[in-house]
Amino acid sequence: MTKTLNIWVASTQQIKLTAVEEAITLCEQGNDTIQEIRVEGYKASSGVNEQPFGWDEIVQGAEHRLSELKRAKETSNSYVDLYVSIENGIIQLDSHSPHDLPKILYHDTACVIVELAHGYGSIKKSLQFSGSVAVPNSVVQDSMECSPPFSKTAGFFLKKRYPTISEKDPHFSLSRIHRKDLLKAAIQVAYNTAVKEIPV
C-alpha cells in the first residue's frame, strides 16, 4: 500500500520549501510505500527579532513557528504527517587566536525542528542545527546598532554594502554553498533521527 507524505512547513519562503522537499525525497529514496511527497508552506511568525541572535533566540524562533503551524492545523481539515520549522540566526564565537582570526567571529546557522504529527507509536520530535557560515563583523554590528536593535537582518546590511548579494541567500556569496543545501543536510539529519529510529 502506497501513501502520500504530507508535510507542513512553517514558512512560505521558496528556499525552505524546496530544501524540505529535496531533503525528504533523498531520505525516502527506495521506500516503495511513499508514492508522493507533498510540501505545503504556511506563514508563521517567529516571535523573536527580525535578526535572531544567539542559540537560545534561534531555537525560540523555530519553536514559536512550530507552535503557530500546529495551531493552524487545529482549524484545518487537511491531513498532516510531518511538521518542519526552520529559523536562521547569528551566533557569536569568541576566538582565542592572537594572530589570524578576529577576536569576535559571527556565524549564521539554522535551527531545524522536525516533528511527526502522528503514528510510529508516539510523537517524535528532533532538533538539528545546520552548518554555519561566517558573516562579516561589520554587518552584524550594523544589525545590532539599528533602531530598534536587530530589527533588520545582517543579510539586509550585507546587501546594502554589496548590492549583487542575495538578501535571502547570502550564504552562496560568503561560502560558495547555497543556503538551500545547508538546510537540506540539517533537515535530513533531523528527519532521520525522528523517523528512522536512530538512537540519540
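Every number in this text was worked out from the coordinates using simple rules, so none of it is lab data. A quick note: this is a predicted structure, and the numbers were derived from the prediction, not measured. Because the Cβ atoms are built from the backbone with ideal geometry, glycine has one as well, and the counts that use them run over all protein chains shown.
Determine the relative contact order of the chain: mean sequence separation of Cα pairs under 8 Å and six or more apart, normalised by residue count, in whole percent.
On the way: 384 pairs, mean separation 42.8, N = 200.
Answer for the chain is 21 percent.
If you put +1 on each Lys and Arg Cβ and -1 on each Asp and Glu Cβ, how big is the dipole of region 3-195 around its Cα centre, in Debye rounded to 20? Each step should come with its number before you reach the end.
On the way: 20 positive and 23 negative charges, 53 e Å.
Charge dipole, region 3-195, about its Cα centre: 260 debye, nearest 20.
Report the net charge of residues surrounding Ser143, where surrounding means a beta-carbon distance below 10 angstrom and charges are Lys +1, Arg +1, Asp -1, Glu -1. List each step's numbers first, then the result.
Numbers: positive: Lys152; negative: Glu50, Asp142, Glu145.
That sum, taken over residues with Cβ under 10 Å, equals -2.
What distance in nm separates the two pseudo spin-label positions at Ile165 and Ala72, each 7 Å out from Cα along the beta-carbon direction?
Label-label distance for Ile165 and Ala72, simple model: 2.9 nm.
What is the total of Lys pairs in region 3-195 with C-alpha atoms under 18 Å apart, excluding same-chain pairs fewer than 8 positions apart?
Final tally of qualifying lysine pairs is 19.
Tell me what the chain gives for mean residue ellipticity at 222 nm when only DSSP H runs of n ≥ 4 count, each as -39,500 (n - 2.57), the sum divided by the residue total, rounded to 500 deg cm²/dmol. The partial results should precede the final answer.
Working: 6 runs with 73 residues, N = 200.
Roughly -11500 deg cm²/dmol at 222 nm, from the helical runs in the chain.
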